[in-house]
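S.K.: Let me give you the structure first, and then I'll get to my questions.
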Amino acid sequence: MVTRKYPRFSVSFSGTLVQKDQFRHAGSVRNLSAKGCRVDSIISPYTGMQLSVQLHIPGESRPIIIDKAAVRWSGSAGIGLEFLTVAPPHQDRLDRMIRQLQPKTDPH
């Protein structure tokens, strides 16, 4: 069993994968953690490829921008991305979203 540093949460919203001037592809974000996500997309990027990611959060007018993410795996289960660089205002929004996804604990 894989032990993860950051819990993953099941989500379902759109994302856009961008690599400089090479490509811009839509995808479906299927899970999210503080440091990465899994995306379903028609592309199969190679492991180690770096790209930027736009997370289109329902109800928000602007996407959360991940400046730099690295492809950690790619295959039939989608694309596993590790977030490497996130600018402070976007990091704050990502942190807030992760907090909202965490199960609420009963104080009693």
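S.K.: May I ask you to list the aspartates and glutamates whose Cα is less than 19 Å away from that of Lys68, ignoring any residue fewer than eight positions away on the same chain?
M.R.: Asp21, Asp40, Glu82, Asp92, Asp95
S.K.: Same structure again: Springs between alpha-carbon pairs under 10 angstrom, Gaussian network model over the chain: which of Ser52, Ser33, Ser61 fluctuates most?
M.R.: Highest fluctuation among the options: Ser61.
S.K.: Ignoring ligands, DNA and RNA, what percent of the 1.4 Å accessible area of the chain is carbon and sulfur? Mind dumping the intermediate values first?
M.R.: Numbers: 3420 of 6800 Å².
Roughly 50 percent, rounded to a whole number.
S.K.: What do you get for Rg/Rh of the chain when both radii come from the Cα atoms and Rh is the Kirkwood radius? Provide the component values of the computation, followed by the final result.
M.R.: Numbers: Rg = 13.9 Å, Rh = 14.3 Å.
Answer for the chain: 0.97.
S.K.: Related question: Quote the relative contact order of the chain in percent (integer), defining contacts as alpha-carbon pairs under 8 Å separated by 6+ residues. Kindly include the intermediate steps, with their values, before the conclusion.
M.R.: Numbers: 218 pairs, mean separation 23.4, N = 108.
Rounded, it is 22 percent for the chain.
S.K.: Looking at the chain as a GNM with Cα springs under 10 Å, which of Ile64, Ile79, Ile42 has the largest mean-square fluctuation?
M.R.: Among Ile64, Ile79, Ile42, the largest mean-square fluctuation in the Gaussian network model of the chain belongs to Ile42.
S.K.: Percent of Cα-Cα pairs more than 16 Å apart in the stretch 53-102, please.
M.R.: Details: 563 of 1225 pairs.
Cα-Cα pairs in the stretch 53-102 separated by more than 16 Å: 46 percent.
S.K.: Please work out the average accessible area per residue across the chain, using the 1.4 Å probe convention, and give it in Å². Numbers along the way, then the final one.
M.R.: Values: 6800 Å² over 108 residues.
Accessible area per residue, the chain: 63 Å².
S.K.: If one takes the longest principal axis of the Cα atoms in the chain, at what angle in degrees, from 0 to 90 and to the nearest 10, does the Cα axis of helix 88-101 lie?
M.R.: 60 degrees
The values are calculated or read from the model by the stated rules, or taken from the named source; none is laboratory data. The structure presented is a predicted model; accordingly, all values stated were derived computationally and were not measured. Heads up: the accessible areas ignore ligands, DNA and RNA and are worked out on the full protein's heavy atoms, side chains in. Shrake-Rupley method; radii C 1.70, N 1.55, O 1.52, S 1.80 Å.
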